[in-house]
Structures are given as C-alpha cells and as structure tokens.
1. What are the membrane-span-like helices in the chain by this rule: whole DSSP H runs, Cα extent along the axis at least 27 Å, mean Kyte-Doolittle hydropathy at least -1.0?
2. If r is the Cβ-Cβ distance from residue 128 to residue 5 and R0 is 25 Å, what FRET efficiency results, to the nearest 0.05?
3. Across the chain, how many lysine pairs separated by 8 or more positions, or lying on different chains, have Cα atoms within less than 26 Å?
4. Sticking to Cα atoms, compute the Rg of segment 6-241 to one decimal and its Dmax as the biggest Cα-Cα distance, whole number, in Å.
5. Which one, 185, 159, 30, is farthest towards the positive end of the dipole of segment 6-241 when Lys and Arg carry +1 and Asp and Glu -1 on their Cβ?
6. Just to confirm my numbers, what's the Cα centroid distance between segment 157-174 and segment 4-41 in Å?
7. With the Cα gyration tensor of segment 1-114 giving a ≥ b ≥ c as the square roots of its eigenvalues, does the rule (a/c under 1.5 for rounded; else a/b larger than b/c for prolate; else oblate) give rounded, prolate or oblate?
8. Calculate how many DSSP beta bridges within the chain are antiparallel, expressed in % of all such bridges and rounded to the nearest 5.
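What follows is calculated from the coordinates using simple rules that are stated; it is not laboratory data. On a predicted model such as this, the values are computed, not experimentally measured, just so you know. Glycine also receives a Cβ, built like all others from the backbone with ideal geometry; neighbour counts cover every protein chain displayed.
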Amino acid sequence: MPEQTIDIKILDDNQSLATAAAEDWLNHAQTAIDHHGHFFVSLSGGSTPRLLFEILASSPYRQRIDWQKVEIFFGDERCVAADHPDSNYRMAQEAFLISLNIPASNIHRVQTELGHQAAAEDYAQQLSANIPHLLSVDNRGFDLVMLGLGPDGHIASLFPETAILSVRDQTAADVYVEKFDSWRISITYPVIENARAIMLLAAGDGKKEIISEVFNRSPDEPAQYPVERLQPAGEMTWYLDQAAASKLACN
C-alpha cells in the first residue's frame with residue numbers, strides 16, 4: 001500500500017468493531033462542533049455501518065452530541081428510489097436518522113429521481129453549497145468520510161476500470177457499474193482525500209484476502225485496487241474484525 005499516515009484497529013468481532021467506530025465517530029463529531037459549530041459527515045452503506053448507526057441512535061450514545069449541529073451527506077448512492085431496499089439513504093434513515101433530532105434540512109440525500117446525470121450534478125451543487133472547499137487540501141472539507149471496502153477493492157462507488165477514478169475536478173459524478181448493470185452517484189477521490197478524517201470499516205472472512213493483498217503489497221508495486229489509490233491528507237483509520245484481519249502480519 002502507498003505510504004501514508006494510517007491507523008489500523010483490529011477488534012474481536014463485528015459488534016466490537018461497530019462499537020469502537022461509534023465511539024470514535026462521536027469524538028470526531030464533538031471535536032468538529034467545538035471547532036466550527038457543525039459536524040459534516042459523509043456516510044457509507046453496508047451492514048457494518050448500519051450496526052454503527054444503530055449504536056449511535058441508542059442510549060447513552062445519542063445523548064452525547066447536539067444532533068441539530070450534524071450535517072449528513074452520503075458517499076455514494078445507487079440510482080434507485082429513496083424508499084428502495086438498496087438505497088443507502090433508506091438504510092441510514094431506518095438505522096438512526098429517523099429517531100434523532102436532526103433537522104430535515106441537515107440531511108442531504110442524492111436526488112436519484114432526477115436520473116443519474118442530473119442527480120450527480122445536483123449532488124455536486126449540494127456539496128459545494130454546503131462545504132465550499134471540498135477540492136482544496138488547504139481548506140479541509142468533510143470532518144469525517146466513512147468508507148466500506150468492496151471485494152474488488154472499491155470504496156464509495158469508485159469501482160475498478162471506471163471513468164470516475166480519473167475525476168478530480170468535480171465533487172461528485174455518476175458512474176456506470178457494468179457488473180451490476182446499474183448507475184451510481186459517488187463523491188470523488190479529492191473529496192475523500194481532503195477530509196479531516198477517514199474511517200474505513202471492513203468485517204468478515206470475505207475481506208481477508210484483499211486486505212492482506214493491499215497491506216502486504218510492496219511500495220514499489222503499482223496499485224491494483226481503487227482503495228490503494230487513495231492519498232489522504234488527513235488521518236485515516238481502518239477498523240477490522242479478527243476475521244478480516246486474519247491474514248495480516250500484524251494480527
């Protein structure tokens with residue numbers, strides 16, 4: 001993996017992983033609120049983030065920050081209706097947003113009903129309107145970007161061999177994922193890289209091979225996966241359970 005400042009936290013299981021990540025999530029939130037009055041966070045989809053969200057919505061976690069100062073965004077979204085089972089927005093709503101005191105105006109979803117191209121343009125405008133310096137490393141944008149890791153090494157909807165991997169002058173773009181025969185909208189590399197903090201969650205035996213390959217790759221070898229092309233300007237933490245980390249030398 002390319003040289004960068006990263007931390008790896010290995011937890012016993014998925015529950016422990018989600019609990020540790022929830023604790024850090026709240027710490028990032030409170031730090032941001034103390035510093036500039038709001039917490040700008042980009043959520044990810046998936047089963048492990050859902051568990052984290054459910055923890056955040058439970059006591060005593062939900063009482064620890066002022067949720068009216070939280071600004072919710074989404075790292076990527078499938079081009080499905082907002083109430084579709086595959087919608088990341090729907091998952092987040094069900095898992096924690098609907099039960100917390102977050103103003104509706106603070107939840108910035110991808111308007112998928114516009115169609116993929118218009119939705120991507122609209123979302124890019126939403127991002128820029130709320131966080132003007134997303135593409136500038138000198139003015140950090142998101143306080144926290146959450147990521148998952150796909151079996152092909154994708155993060156958000158930055159899939160291998162797709163044009164979005166080269167997009168660095170837009171905050172969000174649409175991308176066609178051939179193996180799923182579907183369109184998605186995703187934030188771009190610079191938006192992720194310029195975040196103050198990145199939290200990547202990966203759990204389960206199915207992730208161990210790619211995690212081993214990513215972390216054991218020689219620095220002089222070319223990157224093979226989208227996650228390896230990420231060059232964070234801020235801190236990045238990997239949260240792994242024992243199964244996902246089982247082939248790492250440090251485990």
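1. Qualifying helices, which must be both long enough and hydrophobic enough, are 14-36.
2. Efficiency, from the Cβ-Cβ distance: 0.40.
3. Details: 9/207; 9/208; 9/247; 179/207; 179/208; 207/247; 208/247.
The result is 7.
4. 16.6, 49
5. The residue sitting farthest along the positive end of the dipole is 30.
6. Taking the Cα centre of each part, segment 157-174 and segment 4-41 sit 26 Å apart.
7. Since a/c stays below 1.5, the shape of segment 1-114 is classed as rounded.
8. On the way: 10 of 34 bridges.
In the chain, approximately 30 percent of DSSP beta bridges are antiparallel ones.
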